[in-house]
Amino acid sequence: MEQQIPLSHEASAGDTNMRVTASLPTEVVQCLENARFLHLATCADNTPHVSLMNYTYLASSPYSSSPVIIMTTNPASKKMTNLASNPNVSLLVHDCLSISPLPPFLPQPN
């Protein structure tokens, strides 16, 4: 039986509950395939910067058998400056349509 990791700030601290997997959970893949935008968080000099990004998700490519998320941006952007000094990032992807109903003025799915 797989160990359940507690949902608390203590569980996120350090490497205690770090888990490396060979594949993404089905729910994550579905979200990546269905959502259109993600939030990319970068940081430099202890100052965070968050950008809303359009992206493309590829389960694999000719260059990688692992999943890939492709984003493009201006090379002179703040996020690129931050990435040059600190390659660590955080991504937030969510499918708004699955968590809230469509507004009445949008076409409803069949």
Response to the item:
Among helices (runs of 4 or more DSSP H) completely within region 1-99, the ones holding 3 or more residues that are under 13 Å from the mean Cα position of the chain (by Cα) and at pLDDT below 95 are 26-34
Worksheet item: In region 36-72, what residues are hydroxyl-bearing (Ser, Thr, Tyr) and loosely packed, with under 14 Cβ neighbours inside 10 Å?
Response: THR47, THR56, SER60, SER61, TYR63, SER64, SER65, SER66, THR72
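The values are calculated or read from the model by the stated rules, or taken from the named source; none is laboratory data. If you're wondering where the values come from, they're calculated on a predicted model, not measured in any experiment. Counting neighbours? That spans all protein chains shown, and the Cβs are built from the backbone with ideal geometry, glycine included.
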